[in-house]
Amino acid sequence: QQQVRQSPQSLTVWEGETTILNCSYEDSTFDYFPWYRQFPGKSPALLIAISLVSNKKEDGRFTIFFNKREKKLSLHITDSQPGDSATYFCAASVDSGYNKLTFGKGTVLLVSP
Amino acid sequence: EAAVTQSPRNKVAVTGGKVTLSCNQTNNHNNMYWYRQDTGHGLRLIHYSYGAGSTEKGDIPDGYKASRPSQENFSLILELATPSQTSVYFCASGDAGDYAEQFFGPGTRLTVL
């Protein structure tokens, strides 16, 4: 049973547009939601994260919006650049010292110049 | 700078053979993780450890064992490799405590023939 779902599976946008990546989860005990980005041929790296106490988290061109009631998150990338082309993973974890992450299947983003 | 290394980077094994994947981290992190990444599945947690001598089952532990002989080293062992274990394997490390970032190694591409 997939606990973290992402959509769309893949997405192509033009340079300068705003990209919106979606994530939803089922487990009500999840309370931390990091997004990891993976460039082709590279390993994943943390991009931005949000916890249950927040509705929004910004870091430069990247913003997470969080609807707790519907258990949905979205990652917005403003002024998308070709260098943003990568796979974006939404993940979730429960408050514990082990920080076990459950990842979604990812969204492959291509930004065309 | 966080440093997680994996060896080998590429491995071809035969069905039924034993495979050991190694991971070393110089971050002095308590937690270490093994994931596999397959197209269409994202990242899935196989085993994790919260310190030397400890190993815990993740979400897909069947067919895998893990060993954490020291703070720095975490191994993934396939006693009887099968073609279904062909994948890219990532090791990661992270601090203990809530919401800690995970730092990923470069990955090992394993092919089981």
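The values are calculated or read from the model by the stated rules, or taken from the named source; none is laboratory data. Because the structure is a prediction, the values reported are computed rather than measured. Every residue, glycine as well, gets a Cβ built from its backbone with ideal geometry; the counts of neighbours run over all protein chains shown. For accessibility, only protein heavy atoms count, side chains too; no ligands or nucleic acids. Shrake-Rupley method; radii C 1.70, N 1.55, O 1.52, S 1.80 Å.
Where the second residue is assigned to a strand (DSSP E or B) and open to solvent by 60 Å² or more (accessible area, probe 1.4 Å) and the first is in contact (Cβ under 8 Å) with a residue 40 or more places away in the chain and of a type outside the set (Val, Ile, Thr) and lies in the range B:72-88, which pairs have Cβ atoms under 9 Å and are six or more apart or on separate chains?
Between residues of the range B:72-88 that are in contact (Cβ under 8 Å) with a residue 40 or more places away in the chain and of a type outside the set (Val, Ile, Thr) and residues that are assigned to a strand (DSSP E or B) and open to solvent by 60 Å² or more (accessible area, probe 1.4 Å), the close pairs are B:SER75/B:THR20; B:SER75/B:LYS65; B:LEU76/B:THR20; B:LEU76/B:LYS65; B:LEU78/B:THR20; B:LEU78/B:LYS65; B:GLU79/B:LYS65; B:SER87/B:ARG109.
Under the condition of being more than 13 Å from A:ASP31 (Cα to Cα) and among the charged types (D, E, K, R), which residue from the range A:70-104 is modelled with the lowest pLDDT?
The residue in question is A:GLU70.
If I filter the range A:13-52 down to residues being open to solvent by less than 40 Å² (accessible area, probe 1.4 Å), within 12 Å of the chain's Cα centre (by Cα) and among the β-branched types (Val, Ile, Thr), which single residue comes out as nearest to B:TYR89 (Cα to Cα)?
A:ILE48
Of all residues in the range A:57-73, which are open to solvent by less than 70 Å² (accessible area, probe 1.4 Å) and in contact (Cβ under 8 Å) with a residue 40 or more places away in the chain?
Passing the criteria: A:LYS71, A:LEU73.
When you scan the range A:52-106, how many residues do you find that are more than 27 Å from B:HIS47 (Cβ to Cβ), within 14 Å of chain B (Cβ to nearest Cβ) and of a type in the set (S, T, N, Q)?
Of the residues in that region, 1 qualify.
Being of a type in the set (A, V, I, L, M) and outside any loop (DSSP other than H, G, I, E, B) is the filter; apply it to the range B:10-31 and report the residue that is most open to solvent (accessible area, probe 1.4 Å).
B:VAL12
One line per residue, one yes/no per condition, for (1) over 13 Å from the mean Cα position of the chain (by Cα); (2) closer than 23 Å to B:ASN10 by Cα:
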| site | (1), (2) |
| --- | --- |
| B:GLY58 | no, no |
| B:ASP62 | yes, yes |
| B:GLN71 | yes, no |
| B:LEU80 | yes, yes |
| B:GLN85 | no, yes |
| B:PHE103 | no, yes |
| B:VAL112 | yes, yes |
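Those residues that are touching a residue at least 12 places away in the same chain (Cβ under 8 Å), within 11 Å of chain B (Cβ to nearest Cβ) and among the small types (Gly, Ala, Ser), I need them from the range A:14-51; list them, please.
Answer for the range A:14-51, where residues must be touching a residue at least 12 places away in the same chain (Cβ under 8 Å), within 11 Å of chain B (Cβ to nearest Cβ) and among the small types (Gly, Ala, Ser): A:ALA49, A:SER51.
For the range B:27-46, what are the residues that are over 24 Å from A:ALA86 (Cβ atoms) and either within 11 Å of another protein chain (Cβ to nearest Cβ) or free of Cβ contacts under 8 Å to residues at least 24 places away in the same chain (or both)? Break it down into steps so the answer makes sense when it comes.
Taking the range B:27-46 as the starting set, the residues that turn out to be over 24 Å from A:ALA86 (Cβ atoms) are B:28-32.
Across the range B:27-46, the qualifying residues are B:HIS29, B:ASN30, B:ASN31, B:MET32.
Just wondering, is there one or more residues in the range A:80-100 that are within 29 Å of B:TRP34 (Cα to Cα), open to solvent by less than 70 Å² (accessible area, probe 1.4 Å), part of a strand (DSSP E or B) and free of Cβ contacts under 8 Å to residues at least 60 places away in the same chain?
Yes, there is a match, as at least one residue in the range A:80-100 is within 29 Å of B:TRP34 (Cα to Cα), open to solvent by less than 70 Å² (accessible area, probe 1.4 Å), part of a strand (DSSP E or B) and free of Cβ contacts under 8 Å to residues at least 60 places away in the same chain.
If I filter the range B:47-83 down to residues being within 14 Å of chain A (Cβ to nearest Cβ) and among the acidic types (Asp, Glu), which single residue comes out as nearest to A:PRO44 (Cα to Cα)?
B:ASP59
Among the numbered criteria (1) under 23 Å from A:PHE103 (Cβ atoms); (2) in a strand (DSSP E or B), which single criterion is violated by B:GLY63?
Going through (1) under 23 Å from A:PHE103 (Cβ atoms); (2) in a strand (DSSP E or B) one by one, B:GLY63 breaks only (2).
Inspect all residues belonging to the range A:55-68 and state whether any of them is of a type in the set (Asp, Glu), under 25 Å from A:TRP14 (Cα atoms) and part of a strand (DSSP E or B).
Here is the first cut: in the range A:55-68, the ones of a type in the set (Asp, Glu) are A:58-59.
Of the ones still in play, those that are also under 25 Å from A:TRP14 (Cα atoms) are A:58-59.
Pick out the ones that are also part of a strand (DSSP E or B) and you get A:58-59.
Yes; the residues of the range A:55-68 include at least one that is of a type in the set (Asp, Glu), under 25 Å from A:TRP14 (Cα atoms) and part of a strand (DSSP E or B).
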